[in-house]
Amino acid sequence: MMDKPLNNRAWFLVLPVLVVVAFSAVIPLMTVVNYSVQDTFGNNQFFWNGLGWFQEVLESDRIHAALGRQLLFSAIILAIEIPLGIFIALNMPKRGFWASLVLVLMALPLLIPWNVVGTIWQVFGRVDIGLLGHTLAAMGVDYNYVNDPVDAWATIIVMDVWHWTSLVALLCYAGLQSIPDAYYQAARIDQASRWSVFRFIELPKMAGVLLIAVLLRFMDSFMIYTEPFVVTGGGPGNATTFLSIDLVKMAIGQFDLGPAAAFSLIYFLVILLISWVFYTVMTAQRDMP
Amino acid sequence: MARITLDTLAHSYSPTPRGDADWALKPMSLTWRDGGAYALLGSSGCGKTTLLNIISGLLHPSRGRVLFGDRDVTDLPTAERNIAQVFQFPVVYDTMTVRQNLAFPLKNRGLPADQIAARVDAVARMIGMEATLERRARGLTADAKQKISLGRGMVRQDVNAILFDEPLTVIDPQMKWELRTQLKALHREFGHTMIYVTHDQTEALTFADEVVVMSEGRVVQAGTPQSLFDTPAHTFVGYFIGSPGMNLLDAQLHGATARVGGATIPLAAPYAAPQGRVQIGIRPDAVRPTTGDGLPFRLIRTEDVGHHRILRGEVAGAPFNLVVPEDQPIPAAFDRVVLDPARIGVFVDDWRIEPLERAA
């Protein structure tokens, strides 16, 4: 080994990054941590409350119910959007004019701001003037997302599928495009069935992008706020009050900063935990010898 | 297993081919006998792979028919042709083990498990991968993956033919030799029709009973390695086969003599006065270095490759090589060469012509 100077001055090189990360993430997060362990009666006077708020949040039936709705919502979203996205990607044209056209059409919903998507569907689903709502009503379907919890859920799920399936499809499409023709030719030579081609060629090659798709769709659906807020406002009752909506109600509506801060941290940890589980499960196969 | 017939086959990748250049394969008719070992030899881009893909059904020919035995398979999909093909670059199923990879074509054909197991073990022995059978194919080296591809090609015993598309490109030289010997042994043992595409003449000549030489989408000659060497039908064959290739000199013909530059060369037989560009061709080992009488030769350099020497030089401004065995002395300061008349070939516009007597 050569004599290399060994000192800790190199750490200064990391300083700019540390400063940026501190201001963009750590300090804001710490203010939340700060609120979560204190209580106040106003006048900007705070006193130590220990883990009281965390205990309250963890025991709250209201938050349990919101978490249950949230988990159900994300599960349904993943169960629909991932297979549908794969199916669409498999059937998209591979090259030429139609491939470009389909790509543009697929990308359109992704370019629309969240609250606009909410507004579009809020209007689209209205029984009096909305194309969807009015058509359903004219066909004799008793559809009303304002009064009926099931209709409200259906509307929000269809809206999310409309909005985000493109993302899954485009990611899968990119994965599929990277498969050389020789693989499909070899499969034809080996007399593989369509299912085998999917299972042993396409799915393994999509595994990487599929992991990204699952994580993105899970995190986004688990944090969903704007669209249901615009369409249903969390109703009818609390039927579509997901975690974010509940959190905002608590933090800004009721101004319960302490419990809301504790809620935020727990919320964050839950997302982290579930993402970690997805990551571990989906990469376990890849790392097997 | 079956005889393979190509009936006026032609292919163009363009839907509306215009000129000659649009045709990747120019019309050709060939018959490959059942159980033969054939090589398709030619430089890159000459249409070898296109031809192979048409035989296996991965491509549909623009014109003509492909027959297996008496059955027209032109419109049959690949899977129904029951053919094996090994590609230039390894194709393995990443998530499967080596064993599952080898068993895959047999499973797809619905063979019973015990037959599959026996056959996979036999093939694993053949490619020398018994020890890694239970390993996942992902993460193996490129030549191990290519051995798996070869193994998958050989695992089915009832295939009509096995097609190899430059399968040894990624394999290291030592293993190359071994695998080629294995393929040869496999051919002797099971008698599959084998078609082997390569641009390496050594591979082609050692593997095949009959070599088909292709150039620019055309079959220029099909024959045994010996006949390609002795009587190339086209200057491309003369040049492509042999190391170094055939010497070609522009000449004028006068009956049984040829004039090159200012010198006269006797031929073995008289030729009719031909129209077009006339060349005479001779193998470097049929030329003797001398002094005094003969064709003027200018030596540029000598390469000693062990059991013979290659003398590279020029005759009448064209490159010209001699091969002299190591036990034969080379005259000091020689400046002439003598050509063996019996081994001179005459080419008109690149195609070989026969002398008058034999033609009559």
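Computed from the coordinates by the stated procedures, all read-outs in this text should not be read as laboratory data. Because the structure is predicted, anything quoted here is derived from the model rather than measured. Every residue, glycine as well, gets a Cβ built from its backbone with ideal geometry; the counts of neighbours run over all protein chains shown.
If R₀ is 41 angstrom, what is the calculated FRET efficiency for the pair residue B:200 and residue B:356, using the beta carbon separation as r and rounding to 0.05? Display every interim value, and only then the final one.
On the way: r = 38 Å, r/R0 = 0.92.
Efficiency for this residue pair is about 0.60.
Highest mobility in the GNM of chain A, judged by mean-square fluctuation with C-alpha springs under 10 Å and restricted to A:218, A:41, A:263, is found for A:41.
Suppose we keep just the DSSP beta bridges with both residues in region B:157-237; what percent of those would be antiparallel, to 5? Mind showing how you got there, number by number?
Numbers: 5 of 9 bridges.
Close to 55 percent.
Pairs to check: A:205/B:26; A:205/B:176; B:26/B:184. Give those whose C-alpha atoms are more than 32 Å from each other in this structure.
Details: A:205/B:26 37 Å; A:205/B:176 30 Å; B:26/B:184 30 Å.
Too far apart for the 32 Å limit: A:205/B:26.
Taking the Cα centre of the protein assembly as shown as the origin, how large is its charge dipole in debye, to the nearest 20, when only Lys and Arg (+1) and Asp and Glu (-1) carry charge on their Cβ atoms? Present the calculation step by step, with values, prior to reporting the outcome.
Values: 52 positive and 59 negative charges, 183 e Å.
That gives a dipole near 880 debye.
Phi angles of region A:239-244 translate, via the Karplus equation with coefficients 6.51, -1.76, 1.60 and θ = phi - 60°, into HN-Hα couplings of 4, 10, 7, 8, 4, 5 Hz per residue; Gly and Pro are given as x.
Which translational diffusion coefficient, to the nearest whole µm²/s, is obtained for the protein assembly as shown from the Stokes-Einstein equation, given a Kirkwood hydrodynamic radius over C-alpha pairs, 20 °C and 1.002 mPa s?
Working: Rh = 31.9 Å.
Once the numbers are plugged in, D ends up at 67 µm²/s.
Using mean Cβ contacts within 10 Å as the protection proxy, how do A:221-231, A:25-35, B:258-268 order, highest first? Write out the running numbers ahead of the final one.
Details: A:221-231: 20.4, A:25-35: 12.8, B:258-268: 15.5.
Descending packing order for the listed peptides: A:221-231, B:258-268, A:25-35.
Between region B:116-183 and region A:224-289, how far is it from one alpha carbon centroid to the other, in angstrom? Spelled out, the Cα-based centre of one part sits 52 Å from the other. Label-to-label distance for residue B:181 and residue B:330 is 3.3 nm, based on points extended 7 Å past Cα in the beta-carbon direction.
Based on the Kirkwood approach, the hydrodynamic radius assigned to region B:187-272 is 15.1 Å, with every pair of different Cα atoms included.
With K and R counted +1 and D and E -1, the other residues having a Cβ less than 11 Å from that of residue B:166 yield a net charge of -2. Taken one residue at a time, the phi angles of region B:68-80 give Karplus couplings (6.51, -1.76, 1.60, θ = phi - 60°) of 9, x, 9, 8, 7, 10, 3, 9, 7, x, 3, 4, 7 Hz. Gly and Pro are set to x. Amide H contacts for residue B:234 (H built 1.01 Å from N in the peptide plane; partners 5 or more residues away or on another chain; cut-off under 5 Å): B:352. Near residue B:197, the amide H atoms lying under 5 Å from its own belong to B:40, B:164, B:165, B:166; only residues 5 or more places off or on other chains count, and H is placed 1.01 Å from N. Percent antiparallel among DSSP beta bridges with both residues in the protein assembly as shown, to the nearest 5? Counting DSSP beta bridges with both partners in the protein assembly as shown, the antiparallel share is about 80 percent. Dipole orientation for chain B: of the candidates B:110, B:195, B:319, B:110 has the Cα lying most toward the positive pole (charges on Cβ; Lys, Arg +1; Asp, Glu -1). Can you give the FRET efficiency for residue B:71 and residue B:224, using 1/(1 + (r/R0)^6), R0 = 30 Å, r = Cβ-Cβ distance, to the nearest 0.05? Taking R0 as 30 Å, the efficiency between residue B:71 and residue B:224 is 0.60.
List every DSSP H helix in chain A whose Cα atoms extend 20 Å or more along the helix's own long axis and whose mean Kyte-Doolittle hydropathy is at least 0.0. Within chain A the helices that satisfy the rule are A:61-91, A:149-177, A:203-222, A:257-284. Each Lys and Arg adds +1 at its Cβ and each Asp and Glu adds -1 at its Cβ; summed about the Cα centre, chain B shows a dipole of about 660 debye.
Taking Rh as the Kirkwood radius computed over C-alpha pairs, what is the Stokes-Einstein D of region A:1-132 at 10 °C in a medium of viscosity 1.306 mPa s, expressed in µm² per second?
On the way: Rh = 22.0 Å.
Estimated via Stokes-Einstein, D reaches 72 µm²/s.
Computed 3J(HN,Hα) for region B:11-26, one whole-Hz value per residue from the Karplus formula 6.51 cos²θ - 1.76 cosθ + 1.60 where θ = phi - 60°, is 9, 10, 7, 8, x, 10, x, 9, x, 4, 5, 6, 8, 6, 10, 8, glycine and proline marked x. One equal scatterer on each Cα of region A:114-249, no solvent, Debye formula: the resulting log10 I(q)/I(0) at q = 0.09, 0.11 Å⁻¹ is -0.42, -0.57. Between the alpha-carbon centres of region A:1-44 and region B:327-358 there is a gap of 86 Å. Here the convex hull built on the C-alpha positions of region B:244-353 has a volume of 96 cubic angstrom per residue.
I'd like to compare B:37-46, A:109-118, B:311-320: which one has the highest average count of other Cβ atoms within 10 Å, and what's the full order after that? Don't jump to the answer; show the numbers that get you there.
Details: B:37-46: 20.8, A:109-118: 14.3, B:311-320: 16.5.
So the peptides B:37-46, A:109-118, B:311-320, ranked by packing, come out B:37-46, B:311-320, A:109-118.
The base-10 log of I(q)/I(0) for region B:29-88, evaluated at q = 0.20 Å⁻¹, reads -0.87 [Debye formula, identical scatterers on Cα atoms, solvent excluded]. By the count of neighbouring beta-carbon atoms within 10 Å, fewest first, A:9, B:71, A:188 end up ordered A:9, B:71, A:188.
DSSP assigns beta bridges within region B:111-224; of those with both partners inside it, close to 55 percent run antiparallel.
Shown here: chain B, whose C-alpha atoms stretch 76, 47, 33 Å along the first, second and third principal axes, sorted largest to smallest. What is the list of residues in region B:92-133 whose amide nitrogen lies under 15 Å from a point 7 angstrom out from the Cα of residue A:193, following Cα to Cβ? Only B:104-111 fall inside the zone, counting backbone N under 15 Å.
Helix B:98-108 axis versus longest C-alpha principal axis of chain B: approximately 80°, rounded to the nearest ten. Could you list the residues of region A:225-265 with an amide nitrogen less than 16 Å from a label point located 7 Å from the Cα of residue A:129 in the Cα-to-C-beta direction? So the set is A:231. The angle separating the long axis of helix B:113-127 from the principal Cα axis of greatest extent in chain B is about 30 degrees.
Going by how many other Cβ atoms sit within 10 Å of their own, how do B:171, B:54, B:83 line up, fewest first?
Working: B:171 20, B:54 23, B:83 27.
Placing the least packed residue first, the sequence is B:171, B:54, B:83.
Around the Cα centre of region A:1-105, unit charges on the Cβ atoms of Lys, Arg, Asp and Glu (plus for the first two, minus for the last two) sum to a dipole of about 620 debye. For region A:136-205, chymotrypsin sites (Phe, Trp or Tyr not before Pro) are listed when DSSP marks them as loop and at most 12 other Cβ atoms sit within 10 Å of their Cβ; the list is empty. Annotation: amide H of residue B:46 has no partner in the under-5 Å range at sequence separation 5 or more or interchain, hydrogens built in the peptide plane.
So how much slack lies between residue B:190 and residue B:231, counting 0.36 nm per residue of separation and subtracting their Cα-Cα distance, in nm?
Values: separation 41, 0.36 × 41 = 14.76 nm, distance 3.19 nm.
Fully extending the segment from residue B:190 to residue B:231 adds 11.6 nm.
Full extension of the segment from residue A:108 to residue A:174, taken as 0.36 nm per residue of separation minus the current Cα-Cα distance, would add 22.1 nm.
Just checking the listed ones, B:174, B:279, B:182: in the Gaussian network model of chain B with Cα springs under 10 Å, the one fluctuating most is B:174. Helix content alone sets the calculated 222 nm mean residue ellipticity of chain A: runs of n ≥ 4 DSSP H residues at -39500 (n - 2.57) each, divided across all residues, give -21000 deg cm²/dmol. Once the C-beta distance of residue B:314 and residue B:257 is scaled by a Förster radius of 30 Å, the resulting FRET efficiency is 0.85 to the nearest 0.05. Shown here are the Rg and Dmax of the Cα trace of region B:1-151, at 18.1, 55 Å. When the square roots of the Cα gyration tensor eigenvalues are ordered a ≥ b ≥ c, the ratio a/c for region A:61-287 is 1.5 or more and a/b does not exceed b/c, which makes its shape oblate. Distance from the C-alpha centroid of region A:72-128 to that of region A:130-191: 6 Å, rounded to the whole angstrom. For chain B, the longest principal axis of the Cα atoms and the long axis of helix B:173-190 meet at an angle of about 70 degrees.
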